[in-house]
1. Check Q223 against each of (1) free of Cβ contacts under 8 Å to residues at least 60 places away in the same chain; (2) not in a helix (DSSP H, G or I) and name the one condition it does not meet.
2. Which residues, taken from region 295-338, are small (G, A, S) and modelled with pLDDT under 95?
3. Give me the strands (runs of 3 or more DSSP E) completely within region 1-102, filtered to those with at least 1 residues that are within 16 Å of the ligand (Cβ to nearest atom), among the basic types (K, R) and in contact with a strand residue (DSSP E or B) (Cβ under 6 Å, 6 or more places away or on another chain), ordered by residue number.
4. Would you pick out the residues in region 331-348 that are farther than 17 Å from M403 by Cβ and open to solvent by 10 Å² or more (accessible area, probe 1.4 Å)?
5. Which one of the conditions (1) among the hydrophobic types (A, V, I, L, M, F, W, C); (2) open to solvent by less than 40 Å² (accessible area, probe 1.4 Å); (3) over 22 Å from the mean Cα position of the chain (by Cα) does I132 fail to meet, given that it meets all the rest?
6. Taking interchain pairs and intrachain pairs at least six residues apart, which have beta carbon atoms under 8 angstrom, with the first residue in region 1-14 and more than 19 Å from A311 (Cβ to Cβ) and the second within 13 Å of the ligand (Cβ to nearest atom) and assigned to a loop (DSSP other than H, G, I, E, B)?
7. Give me the residue from region 103-136 that is more than 15 Å from the ligand (Cβ to nearest atom) and touching a helix residue (DSSP H, G or I) at 6+ places or on another chain (Cβ under 7 Å) and, out of that set, farthest from T172 (Cα to Cα).
8. Within region 154-161, can one find any residue that is within 20 Å of S240 (Cα to Cα) and either within 16 Å of the ligand (Cβ to nearest atom) or open to solvent by less than 70 Å² (accessible area, probe 1.4 Å) (or both)?
Amino acid sequence: MPALVLLGAQWGDEGKGKATDLLGGSVDYVVRYQGGNNAGHTVVVGDQKYALHLLPSGILSPGCTPVIGNGVVVDPSVLLSELSGLNERGVDTSKLLISGNAHIITPYNVTVDKVTERFLGKRKIGTTGRGIGPTYADKINRVGIRVQDLYDESILTQKVEAALDVKNQILTKLYNRRAIAVNQVVEELLGYADKLAPYVADTVLVLNQALEQDKVVLFEGGQGTLLDIDHGTYPFVTSSNPTAGGACTGAGVGPTKISRVIGILKAYTTRVGAGPFPTELFDEDGEALRRIGGERGVTTGRDRRCGWFDAVIARYATRVNGLTDFFLTKLDVLTGWEQIPVCVAYEIDGKRVEELPYSQTDFHHAKPVYEMLPGWNEDISKAKSFSDLPKNAQNYVKALEEMSGAPISAIGVGPGRDETIEINSFL
Ligand code: IMP
């Protein structure tokens, strides 16, 4: 069973870093297949805490080869500073591989992201401002810059010219900003070429050969299912496909090779940025979840919006990803509530709806229908097996499993690497 996909089953920030890192010790390759430095993984190893944005979590596991796939968008300055930050802390990053086909987040993509959001005013998406959307837009418009372009100055110059041709018109005439000079961008990008060269590879070939040799490959999704450009709460989404199919296109591996798809599911729900969120709390419970769960963005430092667990969303994630298992995270955060509400369905215009409505208008009007589950007070962070959990915590997990449509194979009971209950092995 060599190829696993691990992805967020909600709106991102489910604790994927911990899950991927947990598997990292036993896998040969950890691959990012979409997104860029809009992601943020926190990985705690011993007393060390690492915040990763662009690099796959596998970078912290010595035996593992971390791969940035073709579907990722790469900001070279962020990548290089993340690498040197890790090197300073003694982490060996020399095994990293970057696809020559991955697209580069250029300085003008970052500018366009920021000015567009400002221009949208109250209709803004609440992006991370890292240039993600404009870079993917350039890719689809066929005016993107790829990592391999850094190694052909003439091609690079032509491509930057083509991209800036239209953008400078928009920047100067619509947004009232200064035009961006082609030669400045080219010079900056060429400055990254030598530093990135040791890592650039034909990652599609490498990964397919690895799979032929029965190596274990883990595909690590950024963001989450409901932020998927096709299957998320469009337009309040990111500009790539975090869902399972994205692993195939974003890494160049066929769907027949994928053996397991694991959804990371937080025991409650959070969201960053704008967009609908039926179980969002605006009261002290929401504040408590934010405080106890440390719900502040690793990438942006923004407070996350918090709410109760939403089983409608979990069922949807099971369906669009073909999930085989769940990894339930942050169960410990719910310790101390007498009763825990869980959203089992929505009420939309007076009707009970069991599945996620495909209509954006309906979803914006969805009100959660809650079932109350009894809570627990015992500290669960030392639990090593399912039976160590208090009965009510066990019942909470079992209820979520039944409502969500896939088995829960692991449970996070604390932030540390070892604070995890494994029920079924992922490998
Ligand atoms: P973008 O990906 O920067 O374009 O932002 C689009 C939307 O996705 C915004 O609502 C962001 O807050 C959200 N988003 C992007 N990356 C993450 C993530 O890693 N976790 C949670 N939300 C994210």
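The values are calculated or read from the model by the stated rules, or taken from the named source; none is laboratory data. As the structure is a computational prediction, the values presented were derived from the model and not from experiment. Here Cβ is always computed from backbone atoms with ideal geometry, including for glycine, and neighbour counts include all displayed protein chains. These area figures cover heavy atoms from the full protein model, side chains too; ligands, DNA and RNA do not enter into them. Shrake-Rupley method; radii C 1.70, N 1.55, O 1.52, S 1.80 Å.
1. (1)
2. Passing the criteria: G297, G301.
3. 29-32
4. D332, T335, G336, W337, E338, I348
5. Here I132 clears every test but (3).
6. Going by the 8 Å Cβ cut-off, the qualifying pairs are V5/G221; L6/G221.
7. I104
8. no
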